[in-house]
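Student: My questions will all concern the structure given below.
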Amino acid sequence: MGSLHPVPQVCTPLLLKFSPSSPSIWTLFTVNRSFLYKQRYPLLATMAVYTQGRLPVSSPNTHKLAPKREKMELETDAISILHEKIRRDHGKREATRPGMDSQEADMYIQLVKEQQQRGLQKLKGDRECKEGGVFSYKVDPYTLRSGDYVVHKKVGVGRFVGIKFDVSRTSTEPIEFVFIEYADGMAKLPVKQATRMLYRYNLPNETKKPRTLSKLSDTSAWERRKTKGKVAIQKMVVDLMELYLHRLKQKRPPYPRSPAMAEFASQFPYEPTPDQKQAFIDVEKDLTDRETPMDRLICGDVGFGKTEVALRAIFCVVSAGKQAMVLAPTIVLAKQHFDVISERFSKYPSIKVGLLSRFQGKAEKEEHLNMIKKGDLDIIVGTHSLLGNRVVYNNLGLLVVDEEQRFGVKQKEKIASFKTSVDVLTLSATPIPRTLYLALTGFRDASLISTPPPERVPIKTHLSAFGKEKVIAAIRYELDRGGQVFYVLPRIKGLEEVMDFLKQSFPDVDIAIAHGKQYSKQLEETMEKFAQGEIKILICTNIVESGLDIQNANTIIIQDVQQFGLAQLYQLRGRVGRADREAYAYLFYPDKSLLSDQALERLAALEECRELGQGFQLAERDMGIRGFGTIFGEQQTGDVGNVGIDLFFEMLFESLSKVEEHRVVSVPYQSVEIDININPHLPSEYINYLENPMEIINDAEKAAEKDIWSLMQFTENLRRQYGKEPYSMEILLKKLYVRRMAADLGINRIYASGKMVGMETRMSKRVFKLMTDSMISDVHRNSLIFEGGQIRAELLLELPREQLLNWIFQCLAELHASLPALIKY
């Protein structure tokens, strides 16, 4: 901390009519009835009335006169701003989340830590086996290309220029330096040092640029970006942890193990891969050994055997007399699931399977809904319509969600609401790197299926300049062997042109176009026809990137390949090679003379890994981001942009492994002491205007004692009924808010002595640091220091009591905003 302290930000009263310009304007005297309540309601110990001067702003007359002004005041007053902040940062879930006592939380956190330690142990084991290590995301400078964006941990984002020999200040011997361009100049870094400090900003094959390059002369902006990224990561990790803890509180009896399960498993016609076997074991244990509902993620590319894992879970639940719901993002995928499930359960006539689709007639739909309600349908397959209010389940036991990340926000919220009462199995075709998967052990139950089935024939990949005759030859070969073709372009714009060219070349072949801007019904009908084999060539954008399983389509043509990311190509390429027939992927780029330097660089990177082979090393981190989106929700991945991809992952690992250190233990509201002598005087007109003032004050105290949400609701109801309160009532409310926020933050006592404000607390220094890092206001952050179990602020001048309360209110509101990034038990 520097010795200079900035002037504290003082919240000036909004209702200036209440600040007396001279003592003669009003006279204070005590209202008799307040004396009667003095003992019971200390908050309302003294009141004031006007003997002369204007009416208070909040009198009935003023309400009629100035609704616009009042609305403006409400929008800008500190309490309304706090409400908005809490709703935005803490979300709805926290308002409805059941409490958990400190002892219970200790037990669960310990459990999570043990599971996580096992995961990290495995990760370290992998690291020792693999040269170079998988745990660190730092970059090898020799793998960088000129123009790549890099992140220096202390300086920020720069552009890599190259490596060359130069003489250092301390030696005459030339050594290799890494040259990096920043916004205000060039920096050189010895290669040895660079390997310890540099990270990639993005992937070798990505065009995403950082908003700005960092400055060598001023690293404060970079520090702020890094802090913002760190806090965002911490919020995600805590959110995940709390969801996990609350799920552990739910109870349901374990499902019985029956011989029929082994019999059902034996009907699987293939030899399971080791990963698949482990996933079977994981899910069976979740259902038959645990008393808490399952919430497991099964990750693996299409065709790696995720569906069989789901089928066995469905059988286990349905055999016990419960219903299972299978939810897919599109009707094409839902229909595929329905066909597979119907075939697999055909030997069990007592188990009824139904598909709920918008293509059904009204009568058929009504019949299905009735059967679900009565319990006559055991397995229900469909799209998000299954989450609607009209679908009433008789005895739902299991929800299987395919590709959850492709559902909308409202549907995801509905899925989340199921997680507290039924077992949930989520399937995702988005691969997650082993590193991320292991680091998440203990936070999210996940099974990884990363080995392809042995019967899958490797896909032959051709990378070459575009030529019409090459395209025609590739398509003709596939059609002649009775197969189908995907033809993928990066944009909608060129689809019609390709359609015209293919229609001329193959006039008797059924060809169709598919892209995301089509009406969903038209798109689904096209995909359905392609899945049924009626359409032979599908010209499309990367909408087919994940999920689809079309056994007969074994050639994929990708045009303008330089515009796709490596991970996208990996996913697209996985659309073929699903059967035991040899599959082909043709990657075409335009004439090189027409390409920009950047596009040529990307192409060079592609040519280096033309096999697009095992593990797809270059795309692993891109996969990580996508897998990350699967676990944390897509909107969170925006935070990666703050610090770049590699540093983001390193910070994520760090946050995951130290999560219990970011814990704040609240204190009971009644135990919080506010040693600031301030007793607001309420004007008599306002007291007379309130229907039952003593009851209202009492209700305010009760609401504050319960939680911040109840206090917010109380204040909003009060304002709805009586309009904006006078300044003295606002001070009284702020006193309640200060005490409530202090209790939430684990602060026992707040006092003032001269220019110093002190807050006694049991929080750790690490927690205080995270809280102050989260603060938006430099004024508050720079004035706070932590020592000896106290948060202290040394102000530049001694403030009047009301202004001091305003300052404390603003300061606590900033600290309170960090709570979503902390475990609050």
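The values are calculated or read from the model by the stated rules, or taken from the named source; none is laboratory data. It should be emphasised that the depicted structure is a prediction, and the values quoted were computed from it without experimental measurement. Because the Cβ atoms are built from the backbone with ideal geometry, glycine has one as well, and the counts that use them run over all protein chains shown. Calculation scope for accessible area: heavy atoms of the full protein, side chains included, ligands and nucleic acids excluded. Shrake-Rupley method; radii C 1.70, N 1.55, O 1.52, S 1.80 Å.
Student: Assuming R0 = 35 Å, what is the FRET efficiency of ASN698 and ALA221, from their Cβ-Cβ distance, to the nearest 0.05?
Tutor: 0.10
Student: While we're on this one: Could you look at region 141-218 and say what percent of its accessible area is carbon and sulfur, using a 1.4 Å probe and all protein chains?
Tutor: 52
Student: Here's a follow-up. For an R0 of 35 angstrom, estimate the FRET efficiency from the Cβ-Cβ distance between GLN522 and ARG211 and round to the nearest 0.05.
Tutor: Efficiency for this residue pair is about 0.35.
Student: Taking K and R as +1 and D and E as -1, what net charge do the other residues with C-beta under 13 Å from the C-beta of GLU794 add up to?
Tutor: 0
Student: What is the distance, in nm, between label points placed 7 Å from the Cα along the Cα-to-Cβ direction at ASP591 and at ARG766?
Tutor: Taking the simple label geometry, ASP591 and ARG766 are separated by 6.2 nm.
Student: Okay, next question. Please compute the length gained on full extension between LYS154 and SER505, using 0.36 nm multiplied by the number of residues separating them and subtracting their Cα-Cα distance.
Tutor: That works out to 120.5 nm of additional length.
Student: With the other protein chains left in place, how much accessible area per residue, in square angstrom, belongs to region 179-289 at a 1.4 angstrom probe?
Tutor: Per-residue value: 51 Å².
Student: Which lysines have a Cα lying under 24 Å from the Cα of LYS702, excluding residues fewer than 8 positions away in the same chain?
Tutor: LYS702 reaches LYS38, LYS85, LYS92, LYS724, LYS734, LYS735, LYS824.
Student: Mind checking the full-extension length gain between ARG196 and ASP289? Use 0.36 nm per residue of separation minus the Cα-Cα distance, one decimal, nm.
Tutor: Between ARG196 and ASP289, full extension yields an extra 28.9 nm.
Student: Ranked highest first by average number of other Cβ atoms within 10 Å, how do 176-186, 739-749 line up?
Tutor: So the order, starting with the most tightly packed, is 739-749, 176-186.
Student: Listed highest first by mean packing, meaning other Cβ atoms within 10 Å per residue, what order do 187-198, 575-586 come in?
Tutor: With the highest mean Cβ count within 10 Å placed first, the list reads 575-586, 187-198.
Student: Pulled fully out, how much extra length does the chain show between GLU104 and LYS460, if you take 0.36 nm times their separation in residues and subtract their Cα-Cα distance?
Tutor: 122.6 nm
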